[in-house]
Amino acid sequence: MSESILSLRGLRKSFGDIEIIRGVDFELLDHERHAIIGPNGAGKSTLFHLISGSLTPTSGEIILDQQQIGGWEPEKINHLGLSRSFQITNIFPKLTTFENVRLAVMRSHGLQYAFWKFIERDVRVREETERLLEMVRLESRSSTLAGEMSYSEQRSLEIAMTLASDPKVILLDEPMAGMSHDETDYTASLIRDVTQGRALMIVEHDMDVVFSLSDRISVLVYGEIIATGTPEEIRNNAKVKEAYLGEEATA
Ligand SMILES: Nc1ncnc2c1ncn2[C@@H]1O[C@H](COP(=O)(O)OP(=O)(O)OP(=O)(O)O)[C@@H](O)[C@H]1O
């Protein structure tokens, strides 16, 4: 049985009088791919904001690698081994693909912009950048401006940047949003490759991707997890069918 690398215990978040996350208990196991699904407005993004440090919990605990990280700064959480990509692409369109990844590598090594001119000489940064580009199959696009690449290539670039800190836990927020069927297939296989040996938590609306990629799935409805299980267990769970997936998911 794998160890838990990320635990949420009695996690709650309110905005004013409205409680959006309503007592979530959750375990992300080391090396598992775990999807969070649920209807619009269920609180999936809020959950990601809490875990990655963009929001502070109202109460409850977030344990990453045995440390209570609830309310920590995003950067500190990142240094402890958790990296997140966003729904909105986070790249610099006027820099090349190589420069974008190099920036992420530099950040992960804590290098400042002032050191930029010395970076060309820093073989370690260059090699790491090349390794990441290869990992996301973008070596041939190294000198292309990021803003000139296709949408799915930009998402691959963003995944490379997410991997730059060599995280133990990766959070991906709707990585397939806005993609064609082929782009979705391609990106799903890329995510499968690059998350080998890491723990992945993914929010995604494309159920084909969710059910084929995940080891386990948790269903969040109105701020509460109503079920966690293997894709098969979730597909056959009566409560989930009623609250979210509907009868067609079993067809
Ligand atoms: N900063 C905020 N202040 C007030 N309400 C907020 C804030 N952030 C989110 N909410 C509310 O919390 C609820 C959950 O939003 P959230 O974006 O987490 O849902 P979601 O499950 O990610 O939805 P979607 O699938 O549509 O992305 C929504 O009703 C939203 O309006």
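The values are calculated or read from the model by the stated rules, or taken from the named source; none is laboratory data. Note that this is a predicted model, so its numbers are computed, not measured. As a convention, Cβ positions derive from the backbone with ideal geometry for all residues, glycine included, and neighbour counts pool all protein chains shown.
Among the helices (runs of 4 or more DSSP H) contained in segment 129-222, which hold 1 or more residues that are more than 27 Å from Ser4 (Cα to Cα) and polar (S, T, N, Q)?
151-163, 181-194
In the same structural domain as Met207 (by TED's automatic domain parsing) and not in a strand (DSSP E or B): which single residue out of Ser14, Ser45 fits that description?
Answer to the selection: Ser45.
Filter segment 61-81 down to the residues that are within 16 Å of the ligand (Cβ to nearest atom) and among the small types (Gly, Ala, Ser) and list them by number.
Gly71
Which residue pairs have Cβ atoms closer than 8 Å, lie 6 or more positions apart in sequence or on different chains, and pair a first residue in segment 4-33 that is touching a residue at least 60 places away in the same chain (Cβ under 8 Å) with a second residue that is charged (D, E, K, R) and crowded, with 18+ Cβ neighbours inside 10 Å?
Taking only residues 6 or more apart or on different chains, the pairs are Ile5/Lys168; Leu6/Glu27; Glu19/Lys13; Ile20/Lys13; Ile21/Lys13; Asp30/Lys168; His31/Arg198.
Find the residue count for segment 48-72, including only residues that are over 17 Å from the mean Cα position of the chain (by Cα) and either farther than 18 Å from Glu27 by Cβ or not assigned by TED's automatic domain parsing to the domain that holds Ala243 (or both).
5
Give the residue that is nearest to the chain's Cα centre (by Cα), with candidates limited to residues of segment 32-42 that are closer than 19 Å to Asn237 by Cβ and assigned to a loop (DSSP other than H, G, I, E, B).
Glu32
With respect to Ser83, determine if the residue is touching a strand residue (DSSP E or B) at 6+ places or on another chain (Cβ under 6 Å) and at pLDDT 95 or above.
When the stated conditions are applied, Ser83 does not pass them.
Could you list all residues from segment 176-185 that are in contact with a Ser or Thr (Cβ under 6 Å, 6 or more places away or on another chain) and not hydrophobic (A, V, I, L, M, F, W, C)?
Glu183
Given the criteria surrounded by 14 or more Cβ atoms within 10 Å (Cβ to Cβ), part of a loop (DSSP other than H, G, I, E, B), of a type outside the set (S, T, N, Q) and modelled with pLDDT of 95 or more, does Leu55 qualify?
So Leu55 passes the test.
Hey, among Gly110, Gly81, Gly60, Gly38, which residue is in contact with a Gly (Cβ under 8 Å, 6 or more places away or on another chain) and either surrounded by fewer than 21 Cβ atoms within 10 Å (Cβ to Cβ) or of a type in the set (Gly, Ala, Ser) (or both)?
Gly60
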